[in-house]
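Novice: Following this message is one structure expressed as structure tokens.
Derivation of every value follows stated rules applied to the coordinates shown; laboratory data play no part. Keep in mind that what you see is a predicted model, and the values were worked out from it rather than measured. As a convention, Cβ positions derive from the backbone with ideal geometry for all residues, glycine included, and neighbour counts pool all protein chains shown.
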Amino acid sequence: MTLSDLQLFEVFLRPRRGLDHKHVGSLHAQDPAQAIEYARDVYTRRGEGVSIWVVRSADIVASQEGDVEPFFDPLDDKPYRHALHYKLPNSVDSM
Amino acid sequence: MSRDESTELKHFQDRIDAEEKVEPKDWMPERYRQQLIRQISQHAHSEVIGMQPEGNWITRAPTLHRKSILLAKVQDEAGHGLYLYSAAETLGVSRQEMTDALHSGAAKYASIFNYPTLTWADIGAIGWLVDGAAIVNQISLQRTSFGPYARGMVRICREESFHQRQGYQIMMVLAAGSGEQKAMAQDALNRFWWPSLMMFGPHDAASAHSAQNMTWKIKRQTNDELRQKFVDQSVLQAEAIGLVLPDPDLKWNAARAHYDFGEIDWNEFQRSMTGGGPCSRQRIAHHKQADAEGEWVRAAVVAHDHKQAAQLSTSRG
Amino acid sequence: MQPSTLDPLTTYTVRLGDDALVSGHRLSEWTGSAPMLEEELALANVALDLLGRARLCYGYAAERTGQGCSEDSFAYQRDCRAFTNHLIHELPRGDFAFTMARQFMVDCLAVPFLQGLARSLDSRLAGIGAKCVKESRYHLRRSTDWMFRLGDGTEESHRRLQSAVDELWGFTPELFAQDALEAELVHSGVGVDLEPLREPWLTAVNQTFSGAGIVLPALDWQVDGGRQGLHTEHLGHLLSELQFVQRAYPGQQW
């Protein structure tokens with residue numbers, strides 16, 4: 001019987017300065033130091049990142065499928081939060 | 001099916017019909033989940049097992065340039081396996097479970113990798129044809145309905161582009177080389193052509209999962225559609241370097257605007273799938289051995305981490 | 001292409017190329033056999049760095065030699081007696097502990113060596129040093145981590161690592177031996193003086209060893225001869241595999 005897997009980590013890369021870290025995938029490692037090194041070896045071979053974050057998958061808190069309606073729908077019916085809601089004369093519309 | 005479930009199923013299908021992605025936390029039919037786990041994990045297994053026939057020539061690559069290219073290519077295949085295992089894990093299966101299924105034979109992998117690499121030209125043929133076939137399939141899969149699988153495929157396609165080119169370039173140089181080299185290339189082509197066509201799976205009519213997979217947009221094009229695309233592109237590629245595809249029935253069909261080609265030997269396909277291929281047992285045995293030999297290393301990693309954690313809590317406590 | 005026909009600087013460069021090629025080749029043998037998938041990618045990166053290093057060195061040596069010489073002339077057209085790598089690199093890869101113990105001890109020297117090379121008065125060697133030291137810094141980080149994980153892991157990993165260190169120790173003094181050719185190049189500011197690197201290396205290695213619970217072996221025996229082409233029996237087999245295609249089909253393009 002083989003040993004069970006090492007821990008699952010999620011990997012985030014900042015492709016270059018000025019951009020956010022983006023989720024690129026996951027990998028197995030035991031500790032964060034090993035996870036960062038493996039992330040470097042697995043996910044940045046083509047210069048895809050200047051900065052790496054790794055997080056244990058178990059530490060990620062995610063919104064649930066059941067949350068979708070109460071979390072997101074009430075935010076969807078307030079058009080006055082968006083610029084397009086406000087009609088202005090063409091001459092000043094660039095604001 | 002309960003009232004709630006049938007509503008869920010309708011939302012699920014609507015989402016798919018609208019070309020929206022299904023993400024891991026979404027409700028999905030259990031068969032969709034199982035089908036994806038099967039397909040993604042077998043795709044991953046294929047990448048990893050595929051490292052063996054090509055890895056077989058790294059130590060013998062005939063120039064330092066080719067050696068580096070091949071090592072980088074096989075490294076990419078390991079990475080592809082990894083991305084795919086990651087995608088499958090979002091569906092609730094662990095990498096260990098998938099590895100166990102590979103070892104027991106419950107999970108399959110592309111039978112093309114059950115063929116041996118006998119000459120350097122085989123490396124060219126594999127890059128040109130096997131990666132070529134994989135690319136045709138993978139480009140289509142970039143639009144698959146399951147988000148993590150689609151994103152994994154985009155990443156893989158980006159990396160895969162050099163794989164086919166380097167293989168074709170090997171064949172190009174051999175075909176323009178000495179008589180022995182040209183013969184080596186033609187021989188490799190002769191051995192890998194039909195198995196490459198088999199990579200696209202059975203004819204649509206004979207494919208068990210096809211219809212459902214198309215409805216759920218796991219699959220975007222049929223086996224035969226993809227296979228035809230591959231044949232059409234390969235004929236031109238072979239002509240360009242003066243090699244002959246080993247199919248006497250290959251002929252341009254003006255009415256269809258495609259190449260007609262000969263019938264695949266489905267017995268050979270079955271044989272290679274069910275352990276009759278020359279390297280079938282060797283591939284799994286090798287994978288099992290590497291896994292077994294790695295166990296003490298993985299155990300050490302875990303033990304070390306536990307010791308570190310214990311020391312940390314002792315010093316804090 | 002016998003070493004005696006090359007000028008000292010070229011000979012020196014080829015030595016570095018041989019070290020890199022043989023060690024890179026040994027690492028590449030792990031393909032498909034690594035203890036986990038992530039480690040496959042990591043090992044391949046180190047191997048690719050070393051192959052790249054070999055190509056840089058051989059490429060420079062080929063330019064200096066002329067006569068239609070290429071990087072592949074050095075890798076594929078010389079027999080065992082013409083290779084000048086240190087013996088430690090040609091030993092078979094062994095188990096994972098052996099590979100990482102060797103990698104660690106070599107990396108520990110590679111970093112200061114390449115820092116020194118980056119200051120060489122020969123601008124090409126300096127360029128090679130500056131580029132490659134970044135790679136070796138990463139290699140050293142990885143191999144050091146593995147020394148701790150294996151040394152302070154399980155009883156089995158510890159036993160394997162200690163055994164690996166015991167087997168390898170006698171091959172390390174050769175890493176610091178300098179012959180007249182190298183002494184002359186050091187004197188002219190082109191080569192790296194290995195003598196001042198010995199003690200710091202020993203201290204650094206010992207520090208990691210003790211952190212990993214590894215006992216420093218007594219130096220009961222030591223082997224050398226690599227720079228003079230006096231190799232172990234392993235190199236011949238390594239070259240048979242490496243050079244097979246070019247030897248079987250001589251004079252062709254690939």
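Novice: In angstroms, what radius of gyration and Dmax does chain A have, counting Cα atoms only?
Specialist: In Å, with Rg to one decimal and Dmax whole: 20.9, 74.
Novice: Just to be sure I understand the rule: take each whole DSSP H helix in chain C, project its Cα atoms onto its long axis, keep it if the span is 18 Å or more and its mean Kyte-Doolittle hydropathy is at least 0.5. Which ones pass?
Specialist: What comes out of the filter, once short or polar helices are dropped, is C:96-117.
Novice: Nearest 20 debye, what's the magnitude of the dipole of segment B:149-288 about its Cα centre given +1 on Lys and Arg Cβ and -1 on Asp and Glu Cβ?
Specialist: Using only the charged Cβ atoms, the result is roughly 780 debye.
Novice: Same structure again: Can you give me the Cα centroid spacing of segment C:5-55 and segment B:117-154 in angstrom?
Specialist: 28 Å
Novice: Counting other Cβ atoms within 10 Å of each Cβ, which trypsin sites (Lys or Arg not before Pro) in segment B:156-191 have at most 12 and sit in a DSSP loop?
Specialist: Passing both the DSSP loop test and the Cβ count: no residue.
Novice: Going by a ≥ b ≥ c, the root eigenvalues of the Cα gyration tensor, does chain B fall in the rounded group (a/c under 1.5), the prolate group (a/b larger than b/c) or the oblate group?
Specialist: Note, shape of chain B comes out oblate.
Novice: Sticking with this structure for a sec: Mind checking the dipole of chain C: about its Cα centre, +1 per Lys or Arg Cβ, -1 per Asp or Glu Cβ, Debye to the nearest 20?
Specialist: 560 debye
Novice: Okay, next question. What nm distance separates the two modelled labels at residue B:158 and residue C:82, each placed 7 Å from Cα along Cα→Cβ?
Specialist: For residue B:158 paired with residue C:82, the spin-label model returns 4.4 nm.
Novice: What's the magnitude of the charge dipole for the protein assembly as shown around its Cα centre, counting Lys and Arg as +1 and Asp and Glu as -1 at the beta-carbon? Answer in Debye, nearest 20.
Specialist: 980 debye
Novice: Still on this structure: Quantify how much of the Cα-Cα distance distribution of segment C:48-122 extends past 20 Å, in percent.
Specialist: The answer is 45 percent, as a whole percent.
Novice: Separate question: Quick check: the distance between the Cα centres of segment B:232-303 and segment B:31-104, to the nearest angstrom?
Specialist: Centre-to-centre (Cα) distance: 14 Å.
Novice: Let me ask something additional. Can you pull the one-decimal nm distance between simple spin-label points at residue A:88 and residue B:306, each 7 Å off the Cα toward Cβ?
Specialist: Label-label distance for residue A:88 and residue B:306, simple model: 6.5 nm.
Novice: Still on this structure, please answer the following. Distance cut-off 32 Å, Cα to Cα: go down the list B:25/B:229; A:22/C:131; B:182/B:251; B:108/C:134; B:229/B:288 and report the pairs above it.
Specialist: B:25/B:229; B:108/C:134; B:229/B:288
Novice: Additional query: Which value results for Rg/Rh of segment B:230-317 when Rg is the Cα radius of gyration and Rh the Kirkwood radius based on the inverse mean 1/r?
Specialist: In segment B:230-317, Rg relative to Rh is 1.43.
Novice: Taking only the alpha carbons of chain C, what extent do you get along each of the three principal axes, in Å, biggest first?
Specialist: Taking the Cα atoms of chain C, the three principal extents are 56, 43, 33 Å.
Novice: At 7 Å along Cα-to-Cβ for each site, give me the label-to-label distance between residue B:282 and residue C:126 in nm.
Specialist: It works out to 5.2 nm between the two label points.
Novice: Right, next: Within segment C:148-178, which residues have the backbone N less than 15 Å from the label spot 7 Å out from residue C:220 along Cα→beta-carbon, could you tell me?
Specialist: Answer for this model: C:163-171.
Novice: Further question: Taking +1 at the Cβ of each Lys and Arg and -1 at the Cβ of each Asp and Glu, which of A:24, C:244, B:113 sits farthest along the dipole of the protein assembly as shown towards its positive end, judged by Cα position relative to the Cα centre?
Specialist: A:24
Novice: Calculate the FRET efficiency for residue B:9 and residue A:76 from the Cβ-Cβ distance with a Förster distance of 30 Å, rounded to the nearest 0.05.
Specialist: The pair residue B:9/residue A:76 has a calculated efficiency of 0.80.
Novice: Would you please give the residues with an amide H less than 5 Å from that of residue B:110, counting only those at least 5 places away or on a separate chain, with H modeled from the backbone geometry?
Specialist: Placed amide hydrogens put B:46 under 5 Å from residue B:110.
Novice: If you don't mind, there's one more thing I want to ask. For the protein assembly as shown, go through all pairs of different Cα atoms, get the mean of 1/r, take its inverse, and jot down that Kirkwood value in Å.
Specialist: With all distinct Cα pairs of the protein assembly as shown included, I get 27.6 Å.
Novice: So, one more: Determine the shielding of peptide C:145-153 by partner chains: average, over its residues, the number of Cβ atoms on other chains within 10 angstrom of each Cβ.
Specialist: That average works out to 6.
Novice: Tell me, rounded to the nearest percent, the portion of alpha carbon pairs in segment B:7-136 spaced more than 24 Å apart.
Specialist: 42 percent
Novice: I need two numbers for segment B:99-196: Rg to one decimal and Dmax as a whole number, Cα atoms only, in Å.
Specialist: Final numbers for Rg and Dmax: 15.8, 49 Å.
Novice: Quick one: in segment C:162-208, what % of C-alpha pairs are over 18 Å apart?
Specialist: 41 percent
Novice: Given axes a ≥ b ≥ c from the Cα gyration tensor, I'd like to know whether segment C:112-184 is rounded (a/c under 1.5), prolate (a/b larger than b/c) or oblate.
Specialist: It comes out oblate by the Cα gyration axes.
Novice: Once you have the Cα-Cα distance between residue B:239 and residue B:292, take 0.36 nm times their residue separation minus that, and quote the gain in nm to one decimal.
Specialist: Working it through step by step, the gained length comes to 14.5 nm.
Novice: Hey, another quick one. Can you give the longest run of chain B that contains no GluC sites (Glu not before Pro) sitting in a DSSP loop with at most 11 other Cβ atoms inside 10 Å?
Specialist: It works out to B:20-262.
Novice: Going toward the positive end of the dipole of segment C:95-166, with +1 on Lys and Arg Cβ and -1 on Asp and Glu Cβ, which of C:103, C:148, C:128 do you reach last?
Specialist: C:128
Novice: Next question, about the same structure. Any idea what Rg and Dmax come out to for segment C:128-254 if you just take the C-alpha atoms, in Å?
Specialist: When restricted to Cα atoms, segment C:128-254 yields Rg and Dmax of 18.7, 52 Å.
Novice: Within 10 Å of each Cβ in peptide C:243-250, how many partner chain Cβ atoms are there on average? Round it to a whole number, please.
Specialist: Taking all residues of C:243-250 together, the mean is 4.
Novice: Another one. When chain A is modelled as a GNM with alpha-carbon springs shorter than 10 Å, which of A:51, A:26, A:63 fluctuates the most?
Specialist: Looking only at A:51, A:26, A:63, the biggest GNM fluctuation is shown by A:63.
Novice: In whole percent, what relative contact order does segment B:165-317 give with Cα contacts below 8 Å and a gap of six or more residues?
Specialist: Relative contact order comes out at 17 percent.
Novice: Next up: Inverting the mean 1/r over all pairs of different Cα atoms, compute the Kirkwood radius of segment B:260-308 and quote it in Å.
Specialist: Answer for segment B:260-308: a Kirkwood hydrodynamic radius of 14.0 Å.
Novice: As an exercise, find the ratio Rg/Rh for segment B:46-122 from alpha-carbon atoms, using the Kirkwood inverse-distance average for Rh.
Specialist: A ratio of 1.05.
Novice: A follow-up question, please. Once each part is reduced to its C-alpha centroid, what is the distance from segment C:149-222 to segment B:183-224 in angstrom?
Specialist: Using only Cα atoms to place each centre, the spacing works out to 54 Å.
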